[in-house]
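The values are calculated or read from the model by the stated rules, or taken from the named source; none is laboratory data. Since the model is a prediction, treat every value here as computed from it, not as a measurement. Every residue, glycine among them, receives a Cβ derived from its backbone with ideal geometry; neighbour counts consider all protein chains shown. When the accessible area is computed, the model is the full protein with side chains, heavy atoms only, and any ligands, DNA or RNA have been set aside. Shrake-Rupley method; radii C 1.70, N 1.55, O 1.52, S 1.80 Å.
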Amino acid sequence: MKEKLNSSIFKPSEIVKLPEQMDHHNHGYNQVVIGLSGQTEFDIEGAGNLVCPGQGCLVTADSEHAFSGIGNNEILVLNVASDQYQANYTQDHIARLFDQSSYFHLDRQAQNLIQALTAEMAAHPNDLLLSRACTDTLMCVLHRHFKPLNDDRQSYRLNMDVIDQYILQHLTRKISVAQLAGLVFLGESQFHFLFKEQTGVTPHQYVLKKRLELARDLIEESQLSVAQVAQSTGFASQSSFTQAFTRLFGKPPARYRRENPSG
């Protein structure tokens, strides 16, 4: 169902708790969703992801999206109607930020700012001026962090330390290009291009190698079974793990362990 923007009830920003039942809709204005507590599940035009505290997503106008909450959850929703922001942002700014729906990860400074703003909003839920100020402030933050590709793509360098840290923390789960792109405030296509330019491999190949390097360490240094190593490094099955391990290291994990005993 398509929602119509009603200026009499439209709030620039609000704190929302989502029900556990999956719902879906679209609306004629852009939206920013930021996780405050718990977890929420989003699917935007077929691209699904979990949104946790410090993470968020951009939903472009008229994009079909589904959403649900997981347990006790809260999100901050910024409703961004371009015609209401002409005084503060040009149409080009809005177009660049909402070039496509995407997921992102906020740095600690931005998270602290959101925490302070939402505390004020929770204390004064009917203050429309505060609601507008919150959206204005966070739109400025997002504009600074999201990097348009433009002609600077050859000189722009991804922060691989941030990317590596996230990968290592989430190796037991599926890691999408959208999640990695969100860490550095880029759209998926921009991130994919820059990542391959900088590393020489695709994000998928890079994550797979990280999984297998950790698996090799576990094979060498732990007493975990091959099945347990596969599960610990995020592989869907022992057979897919064995095939990938053999391709990279030239021998299956069980044989690798026999031939490379720990200390």
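At-a-glance table
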| item | result |
| --- | --- |
| Computed label-point distance, nm, for sites GLN243 and GLN165 using a 7 Å Cα→Cβ extension | 3.5 nm |
| Within the chain, longest stretch clear of exposed trypsin sites (Lys or Arg not before Pro) (DSSP loop, no more than 14 other Cβ within 10 Å) | 18-152 |
| Separation of the ALA227 and HIS25 label points, Cα + 7 Å toward Cβ, nm | 4.7 nm |
| The chain, accessible surface, carbon-and-sulfur percent (1.4 angstrom probe) | 49 percent |
| Net lengthening on full extension, LYS209/ASN260 (0.36 nm per residue, minus Cα-Cα) | 16.4 nm |
| Helix-only CD estimate at 222 nm, as mean residue ellipticity for the chain, using -39500 (n - 2.57) per DSSP H run (n ≥ 4) | -13500 deg cm²/dmol |
| Accessible surface ranking that places the most exposed of THR137, THR60 first, with a 1.4 angstrom probe | THR137, THR60 |
| Label point distance in nm, GLU14-ASP127, each placed 7 Å from Cα along Cα→Cβ | 1.8 nm |
| Of (i) 153; (ii) 141; (iii) 121, the label for volume of the Cα convex hull per residue in Å³ derived from the coordinates | (i) |
| Per residue solvent-accessible surface (Å²) - the chain, probe of 1.4 Å | 53 Å² |
| Paramagnetic reach from ASN112 in the range 23-60 [backbone N under 16 Å; point 7 Å along Cα→Cβ] | 54 |
